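Here's the structure we're looking at; comments come further down.
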Ligand SMILES: CC(C)(COP(=O)(O)OP(=O)(O)OC[C@H]1O[C@@H](n2cnc3c(N)ncnc32)[C@H](O)[C@@H]1OP(=O)(O)O)[C@@H](O)C(=O)NCCC(=O)NCCS
């Protein structure tokens, strides 16, 4: 998965978990440790796809504007990557037997991946988050990084 | 758990009870399945009933959701069928769900979830910790449903091949 796709999904989960809330690009960027510059471009793409809407001014930012129960991870991935199950074969009339054999394996994997991403909605992701506890290091830990957090499956 | 004591939903509409299937339900089930799949199969349902609703009931669960009141009272709104299977494919005993549907007119109101929770509760009560099912990967609807209930790809992969004629 490409970095833009990853950021987009994380941002969408963050926004979809509380659709009423407006969140600034810098807050999302800080939370997931990504540059605001990169994130802003990603949010633009999501905005054009109608998944988020932005409000300007004080307290402005992005909020979720899709249907979390209907938007799947595959819908988001497709905004950033070419997920066509064809993989890479080049010109089929020129492809050799080894190329076909490898293509078949890659297609099998791709189809599994698409079926998985295509059946997981943002609502399901939000629901699944409950399984992970987030351990926040104490603010006053000597020499510690106060913003350091760690997640682990329960 | 007392198998025949119906459990009432208080949450989402329409009110339903979930109970074990009886012989009287069969024609409704044939009809429901026929409407969903376009292929009525009365013999298949008779056989399912014999195998899963009359024998080894402590590990076989053939459940229906029935609407409780209103003009539609007594209508079969959905079903789920499952059983505990042991040692197939070298697996520890586990619960399988292999038949599951909700009336298309009554979907998205939580009936599927109630059926799912009911059967998983009954399977859990037999001491089993894992449930499995198999879904066509093109069936995004059923996949999305099971995913939303927390199911994920398991440690087995289904393999197949076309046999030459
Ligand atoms: C899968 C099925 C049983 C779900 O029944 P249902 O009563 O509509 O399900 P619920 O209302 O309990 O939905 C539970 C969750 O499943 C998911 N879900 C259900 N339908 C969905 C849909 N159309 N799209 C995305 N997610 C869906 C949602 O997460 C939903 O939770 P939410 O309502 O909080 O969003 C039903 O759609 C069905 O019968 N499908 C056909 C089954 C079939 O083909 N059977 C034959 C082979 S076994």
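Identify the residue in segment B:64-112 that is away from the ligand (no atom under 14 Å from the Cβ) and on the phi > 0 side of the Ramachandran plot and, among all such residues, is farthest from the other protein chains (Cβ to nearest Cβ). Filtering segment B:64-112 for residues that are away from the ligand (no atom under 14 Å from the Cβ) and on the phi > 0 side of the Ramachandran plot, the one farthest from the other protein chains (Cβ to nearest Cβ) comes out as B:74. Taking the criterion of being in contact with a strand residue (DSSP E or B) (Cβ under 8 Å, 6 or more places away or on another chain) and free of Cβ contacts under 8 Å to residues at least 24 places away in the same chain, the only residue of segment A:19-51 that qualifies is A:47. On the basis of being more than 12 Å from every other protein chain (Cβ to nearest Cβ) and closer than 18 Å to residue A:119 by Cα, does residue B:133 make the cut? It is true that residue B:133 is more than 12 Å from every other protein chain (Cβ to nearest Cβ) and closer than 18 Å to residue A:119 by Cα. Total residues in segment A:70-90 satisfying the condition of being surrounded by 15 or more Cβ atoms within 10 Å (Cβ to Cβ), in a loop (DSSP other than H, G, I, E, B) and touching a strand residue (DSSP E or B) at 6+ places or on another chain (Cβ under 7 Å): the figure is 1.
Of all residues in segment B:122-147, those satisfying the criterion of being modelled with pLDDT of 95 or more, more than 11 Å from the ligand (Cβ to nearest atom) and surrounded by 13 or more Cβ atoms within 10 Å (Cβ to Cβ) are B:122, B:123, B:124, B:126, B:128, B:130, B:131, B:132. Among the criteria (1) within 16 Å of the ligand (Cβ to nearest atom); (2) surrounded by fewer than 17 Cβ atoms within 10 Å (Cβ to Cβ); (3) at pLDDT below 95, the one residue B:44 does not fulfil is (3).
Under the condition of being more than 11 Å from chain B (Cβ to nearest Cβ) and not in a helix (DSSP H, G or I), which residue from segment A:92-121 is nearest to residue B:147 (Cα to Cα)? Let's see the steps before the verdict.
Residues of segment A:92-121 more than 11 Å from chain B (Cβ to nearest Cβ): A:92-107, A:109-110.
Now drop any that are not not in a helix (DSSP H, G or I), which leaves A:92-96.
Details: A:92: 36, A:93: 40, A:94: 41, A:95: 38, A:96: 39 Å.
Checking each candidate, the answer is A:92.
Filtering segment A:36-64 to residues that are modelled with pLDDT of 95 or more and part of a loop (DSSP other than H, G, I, E, B) leaves A:49, A:50, A:51.
Screening B:10, B:68, B:92 for residues that are touching a strand residue (DSSP E or B) at 6+ places or on another chain (Cβ under 9 Å) and either buried (at least 20 other Cβ atoms within 10 Å of the Cβ) or at pLDDT below 95 (or both) leaves exactly one candidate, B:68.
Checked against (1) free of Cβ contacts under 8 Å to residues at least 40 places away in the same chain; (2) farther than 21 Å from residue A:124 by Cβ; (3) more than 8 Å from the ligand (Cβ to nearest atom), residue B:150 meets all criteria but (2). For segment B:20-52, the set of residues classified as touching a residue at least 12 places away in the same chain (Cβ under 8 Å) and under 25 Å from residue B:129 (Cβ atoms) consists of B:20, B:52, listed by residue number.
The values are calculated or read from the model by the stated rules, or taken from the named source; none is laboratory data. These figures come from a predicted structure and were not determined experimentally. Neighbour counts run over all protein chains shown; Cβ positions are idealised from the backbone, glycine included.
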